[in-house]
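Below: the structure, in structure tokens.
The values are calculated or read from the model by the stated rules, or taken from the named source; none is laboratory data. Note that the structure is predicted; figures quoted are calculated from it, not measured. Virtual Cβ from ideal backbone geometry, glycine too; neighbours counted across all protein chains shown. For the accessible areas, the whole protein counts, side chains as well, though only heavy atoms, and no ligand, DNA or RNA atoms are used. Shrake-Rupley method; radii C 1.70, N 1.55, O 1.52, S 1.80 Å.
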Amino acid sequence: MKKIQSLCNYCAIDCNLDFYVEDNHIMAVKPTKGYPVNDGFCCIKGLSLDKQQTVVDKPHTPRVRMEDGTYQYPGWDYTFNYIAKRFREIQEKYGNEALAGISTGQLTLEEFAINGHIMRDHLHTNVDGNTRLCMASAVVAHKQEYGFDAPGFTLEDLELSDTIILVGANPVVAHPIVWDRIRKNQNKKLIVIDSRKSETAKNADYFYPIKTKMDSTLFYGLANYFIEKDWIDHEFINQHVNRFDEYKEFVKDFPLEQVSKDTHLSMEQLLELVELIHSGKRVSMWWTMGINQSHNAVRAAQSIMNLQLILGNYGKPGTGGNSITGQCNAMGSRLFSNQSSLYGHEFTDSDSRKKIADIFHCDERILAEGPTKTYDQIIDGINDGTIKALWILCTNPRHSWTNNETFRQAMEKLEFYVVQDIYDDIESAENYDVFLPAVSGIKKEGTYVNLERRLSRLVSVIEPDEDEKNDYQIMYGIAKALGLQDIIDYWKTPEDCFNLLKEVSRNRPFDITGVDFRGLENSHGIQWPFKEGEELKEDQRRLYSDGKFFYPDQKAVLQFEPVPKNPMPQTEQFPYIFNTGRGSVGQWHTQSRTREVQFIENVSLHHPYIYIHTKLAKEMGLKHEDWVTLDSCNGQSADFAVRITDDVQEDEIFCPMHYIECNKLTASVYDPYSKEPSYKSAVVNLRVKER
Ligand SMILES: Nc1nc2c(c(=O)[nH]1)N[C@H]1C(S)=C(S)[C@@H](COP(=O)(O)OP(=O)(O)OC[C@H]3O[C@@H](n4cnc5c(=O)[nH]c(N)nc54)[C@H](O)[C@@H]3O)O[C@H]1N2
Ligand SMILES: Nc1nc2c(c(=O)[nH]1)N[C@H]1C(S)=C(S)[C@@H](COP(=O)(O)OP(=O)(O)OC[C@H]3O[C@@H](n4cnc5c(=O)[nH]c(N)nc54)[C@H](O)[C@@H]3O)O[C@H]1N2
Ligand code: SF4
Ligand SMILES: [Mo]
């Protein structure tokens, strides 16, 4: 039996796993011992990766709607040529931007890069990712605050911290390895700030049930209090932080009494939290989607970073204002998808453009000139008729997009719709013109970057069947059919692509010129930056230990502004907040992958459900598993079974996102800077379902 070390391509931890293979079949999967991220531990999703050995029935070749309206299997080459022809025709008829793509944070770094080069550079059009739904707010927060999108922590900080504050993050369910590492830290106080008593909050030493979307108010108020008490780090501020004097004035508008009213946390709770932070020696703060998905997300994330900066809690072991990422390669897509930056460079910087064109052997003038149109603009563009063709890959927007009926409408309007997935029965795979079946991660090669900037290798565990293709081969095939000569000559394999990207990274904050594609196999992974000639002395490498950020003067910049009004206020018509998120460790997003796993199916509910407070249930005369109808401020309604609990607030409903009904009710409301949807705070009404 062969043992092959590869990674789990579900969540942003990127656990390494040992696959035991005999006769091209996975016999067992075990978490890799000694790997610095997950050291012999992982969750049910990683352990079940063997279920994705074959996903689409034979033939494993594209399905195409032919001129007579029937679906046929005309073979890969025909399909590549057909797609190229239709893309060109649509662009000629309606303009370049009549074609668009929606990609993902779940492919390999090389796959984003080739897709971004085809679509954004050669075809001069827009591709956004499901990463917009996830960590776009963190990206903008980092760029503005540090001068570059560079989260600085290493996972070991969870073990080195004596005061861990989780804000809008539920790692017991969403990041089991983060949770395991917190648990292993015996000398910490764990504090959770969440609107509901999540699985993580139940296991915390202190829980602060904040009024939804009032996090920036809380952190501005804390900053004001610390400044008033003079419990801040003047030396760190003087040397490493800009705009402090302005910030000091700004936060005066957030006296603790007012903060208490706005956040629904009592003065005792606020003073207790202050004391916990003040008495901690190594205080770390970590946020996830409770912060990123809101109408005020970027500023809320920055309010956490601001507080840590003025307390000097940066760069030292166990500290930081840290964002936890969601998907397995969201961090790779941030750098290499060519969506919001030119492969980690400014689109308008002429030296960078020249450098990248030289590396790619292409004409500098073809490189994208600005960031992509955002996800919401793409969907609106389809619905208003300006975008006619869409290529989605490795994402299921009919289910996951906010206010998802708008995606259903879009699907109906498209003249040409291409779906590339490992399953042909996802909700988005309806009424398509072409379905491109890709093999799952266990049959392909590439690199991933995890939440702490660690590159690791996806290694092909079993050989694909003869007629199967992986995402990279599919994109390369389309590039060839389009006649894109530089790709044909220089991007033949993921390894070729990785070597181009290494050169792209040279002398940038994420310099990976010292990383070897093959050298990553069977390794401990490497956190960026890692420059050519550098020696790898340790497995845990954090940024900012020298206090140097990425602005020209190497200082961080505090970012803040008055708290905007909530665009979805509770009203008499819509009195309840519709909070949404992960429901269980086993369920992954739209469930296309995890439904394959029998252990998960056995313990998951097979119908949409919500949690409501005991008091509301009493008022409405509802029992467990009674059905209700929710009417949302977005004009839609959907039915759910109820589960009754005291863990949500009296005016809050929590809905797991794994059922398509959930996003029927979320709204088209976004953060103004990141354009990330506010998935967790639509307002709804509840009524007993009519029979
Ligand atoms: N099992 C499983 N694991 C996953 C995933 C999955 O689908 N299934 N998805 C992965 C991905 S892509 C992501 S992005 C991560 C997400 O990981 P998390 O962000 O940890 O998960 P969520 O459940 O979306 O939201 C976290 C918490 O935010 C809280 N919250 C809502 N509004 C507010 C607010 O205004 N303030 C505060 N402080 N809290 C609030 C919610 O109550 C919830 O408990 O999980 C990853 N891991
Ligand atoms: N209400 C609500 N909605 C949310 C959220 C929330 O908290 N609340 N969270 C948002 C967040 S953070 C995220 S990240 C999104 C996730 O939303 P999606 O990206 O739409 O969800 P997934 O189910 O992960 O979809 C991934 C798709 O890729 C396919 N796939 C898997 N591996 C491969 C592969 O190797 N190649 C190809 N081509 N396809 C593959 C799977 O079959 C699946 O259909 O949902 C967002 N939606
Ligand atoms: S889903 Fe995340 S925690 Fe679970 S095995 Fe995969 S990478 Fe590890
Ligand atoms: Mo995500």
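Below, the figures for the structure above:
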quantity	calculated
Check on residue 242, open to solvent by 30 Å² or more (accessible area, probe 1.4 Å) and touching a Lys or Arg at 6+ places or on another chain (Cβ under 9 Å)	yes
Residue match in the stretch 653-671 (condition: modelled with pLDDT of 95 or more, in contact with a Phe, Trp or Tyr (Cβ under 6 Å, 6 or more places away or on another chain), in a strand (DSSP E or B) and surrounded by fewer than 21 Cβ atoms within 10 Å (Cβ to Cβ))	no
Tally, over the stretch 20-55, of residues that are within 26 Å of the chain's Cα centre (by Cα) and either buried (at least 18 other Cβ atoms within 10 Å of the Cβ) or at pLDDT 95 or above (or both)	23
Filter result for the condition that a residue is more than 23 Å from the chain's Cα centre (by Cα) and either closer than 28 Å to residue 274 by Cβ or open to solvent by 20 Å² or more (accessible area, probe 1.4 Å) (or both), over 204, 169, 141	204
All positions within the stretch 170-189 that are over 19 Å from residue 41 (Cβ atoms) and either without any contact (Cβ under 8 Å) to a residue 60 or more places away in the chain or within 16 Å of ligand 4 (Cβ to nearest atom) (or both)	187
Pairs, first closer than 15 Å to residue 562 by Cα in the stretch 228-257, second part of a loop (DSSP other than H, G, I, E, B), C-beta under 7 Å, six or more apart	247/558; 247/560; 250/560
Failed condition for residue 151, given (1) farther than 21 Å from residue 545 by Cβ; (2) within 16 Å of ligand 4 (Cβ to nearest atom); (3) not basic (Lys, Arg)	(1)
Among residues of the stretch 587-621, those that are in contact with a strand residue (DSSP E or B) (Cβ under 6 Å, 6 or more places away or on another chain) and within 15 Å of ligand 3 (Cβ to nearest atom), counted	0
Residue ID - nearest to ligand 1 (Cβ to nearest atom), chosen from residues in the stretch 121-151 that are farther than 30 Å from residue 322 by Cβ and either touching a residue at least 40 places away in the same chain (Cβ under 8 Å) or in the same structural domain as residue 285 (by TED's automatic domain parsing) (or both)	126
Selected residue [open to solvent by less than 20 Å² (accessible area, probe 1.4 Å), out of contact with any Ser or Thr (no Cβ under 7 Å at 6 or more places or on another chain) and on the phi < 0 side of the Ramachandran plot] from 101, 116, 129	101
Looking only at the stretch 469-486, and only at residues there that are surrounded by 19 or more Cβ atoms within 10 Å (Cβ to Cβ) and charged (D, E, K, R), the one that is nearest to residue 61 (Cα to Cα)	469
Answer from 462, 478 - the residue that is in contact (Cβ under 8 Å) with a residue 24 or more places away in the chain and more than 19 Å from residue 389 (Cβ to Cβ)	462
Enumeration of residues in the stretch 156-170 that are assigned to a helix (DSSP H, G or I) and either away from ligand 3 (no atom under 16 Å from the Cβ) or not assigned by TED's automatic domain parsing to the domain that holds residue 287 (or both)	157, 159, 160
Residue under evaluation residue 577, criteria (1) among the β-branched types (Val, Ile, Thr); (2) surrounded by fewer than 20 Cβ atoms within 10 Å (Cβ to Cβ); (3) under 27 Å from the mean Cα position of the chain (by Cα), criterion not met	(2)
